[in-house]
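**Student:** I'd like to ask some things about the structure below.
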Amino acid sequence: MLNILLVDDDHAFSEAFSEMIEMLGHHATLAHSVAEAKQALAVEQFDLGLLDLMLPDGSGLELLDEMSKGQRATHLAIITGHPVVKAQVRTLCGPHISYLTKPISLDQIKSLLAKAGDKGQVDDGLHFDCLVGESEVMKKLYKTIARVADSGANVMLLGESGVGKELVARAIHNCATPTGAFVAANCGAFSRELIGSELFGHEKGSFTGAIARKGGLFERADQGTLFLDEVTEMPLDLQPTLLRTLETGMVLRVGGTKELPVQCRVISATNRSPQEIAEKNCLREDIYYRLAVFPITIPPLRDRRGDIPLLARHFLKELNERGGTTLELPERDMAKLQGYDWPGNVRELRHTIHRAYIMSDPESNEIEFPDQLASPFSSEEIAPTGLRVGTTIEDTERQLILMTVEELGGDKRKAAEMLGVSLKTLYNRLNQYERVKE
Amino acid sequence: MSRDDSLDKSLVDQCRSDANQLHELRNIVNAISMNTEVAKLKIENSQSDQEVFENLNRILNECKKFSSIVSLLRQQVDVPEKTDHQNRG
């Protein structure tokens, strides 16, 4: 539960806000002037302070010092009627402050509460309400997200398939708390004929099947964020239209004659490297620079193996909540999970946990992993065994034992452990092979 | 104070008054929006009709305030038109 101070002289708004906060499970204290707010701050500490700038006896900015004095970190949000105020306040207070633009929506408040609940931005292990991980590379990523969120700049997310590009896009959106929605689209999923209509909308009768006027994704994301996944799969001949929209902030529906203003941040994503994008010419150079004002590379899971237990527990917790179960992750399998290279990244880990959850014994209180986590895309090399039909079990066993001992540099104790036999049995077998050779 | 200075002051006062009224209008829209969100939440949570009515009444009161400010602004907009007409006459 968060303790919230709202400083606003508008009684009708304050009372409704207070009601809403209580309904969302938090506590709100109301102050209608700078003096009342100072009184409240003298006796209590708050997790979140919402400040109106125009108060009867001064400005909400006068309270910034008072709020930073407390031992508890207070997240600050300025309520402003005008977006221009943002830039002025940022100059005075630095970038780490939130803004609510009137009229304030429920989504804005929920997003702000999630952000304030984060403190150093962690709530229930989630950063920005959607990301999991405490590794150094992820901490660096969180700092980057916080910096870019307030800038409004277009962002291009780079990284292998399954690293969580859409979640990072959502994190930027959550951190920026815009008034509009987060709209996600996969450019690779649209047919070549329909992608223009999907992005920019169409007028009635503009093509066969256009039975009514339809707004596009840009219009739906107005004042919010448009996430374009697999942007490099967009047809080249449509890219000039996208470029024009990005440059002018105006959108022209297919078959339309009147341009409509749209203001949204575009976050694009691709699993191709910038070099590949340039070499294969899948994105025009001018549009690349428009989209990648701020490129962010998301690390693959194998570069943050320390996060694997956190992610695995998080996915299992979700499954337990959904299924009404209390299954646990066996600690003995953690090394196996961390040792695997996860070519499908976080997506593969999530599916593996889901599979293990489904396969778990209903009588057991733990999920059950398969012996091998190998995926067809795994880069782990499997040594050629030379096995062929017609080989006896005895010969196969000999080959396996000798290969294992050789692989472990002659360490018989380790080899016995790995093979699942006693050290005595291993020695017996090796002696037997020696005798056969003689 | 010259006639020009006097006109400038009058214009500044007028702009200030308009800005205050616009600020007030935005506050009213904000209160309407917030009370609507609360009413929606209450309906979703199946709270009593009486509790929802409280927010609806607040919305109606804000609408009345909005209406009276718009009427006031309308009167102010009418004034320069008359003055202009009289000047031409």
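The values are calculated or read from the model by the stated rules, or taken from the named source; none is laboratory data. These numbers were taken from a predicted model, which means no experiment stands behind them. Ideal geometry is used to build each Cβ from the backbone, glycine not excepted, and the neighbour counts take in all protein chains shown.
**Student:** Identify, please: which residue in the stretch A:15-46 is crowded, with 21+ Cβ neighbours inside 10 Å and at the interface with another protein chain (Cβ under 9 Å from one of its Cβ atoms) and is, among those, nearest to the chain's Cα centre (by Cα)?
**Tutor:** A:20
**Student:** Out of all the residues in the stretch A:284-296, is one or more surrounded by 19 or more Cβ atoms within 10 Å (Cβ to Cβ), part of a loop (DSSP other than H, G, I, E, B) and not β-branched (Val, Ile, Thr)?
**Tutor:** Yes, the conditions are met somewhere in the stretch A:284-296.
**Student:** Pairs, please: C-beta under 7 Å, at least 6 apart or cross-chain, first residue within 9 Å of chain B (Cβ to nearest Cβ) and in the stretch A:96-117, second of a type in the set (A, V, I, L, M, F, W, C)?
**Tutor:** A:102/A:79; A:103/B:29; A:104/B:34; A:109/A:20
**Student:** Moving on to the next point. Listed residues A:131, A:141, A:106; which is closer than 15 Å to residue A:79 by Cα and at pLDDT 80 or above?
**Tutor:** Criteria check complete, one pass: A:106.
**Student:** Further question on the same structure: Taking the condition of being closer than 15 Å to residue A:20 by Cβ and within 11 Å of chain A (Cβ to nearest Cβ), how many residues in the stretch B:32-65 meet it?
**Tutor:** 19
**Student:** Look at residue A:78 and say whether it is out of contact with any Pro (no Cβ under 6 Å at 6 or more places or on another chain), hydrophobic (A, V, I, L, M, F, W, C) and at pLDDT 80 or above.
**Tutor:** yes
**Student:** I've got another one for you. Does any residue of the stretch A:149-158 turn out to be at pLDDT below 90 and either surrounded by 20 or more Cβ atoms within 10 Å (Cβ to Cβ) or among the aromatic types (Phe, Trp, Tyr) (or both)?
**Tutor:** yes
**Student:** Where in the stretch A:135-236 are there helices (runs of 4 or more DSSP H), lying fully within it, with 1 or more residues that are within 16 Å of the chain's Cα centre (by Cα) and over 23 Å from residue A:286 (Cα atoms)?
**Tutor:** In the stretch A:135-236, A:136-149, A:165-176 are the helices (runs of 4 or more DSSP H) which contain 1 or more residues that are within 16 Å of the chain's Cα centre (by Cα) and over 23 Å from residue A:286 (Cα atoms).
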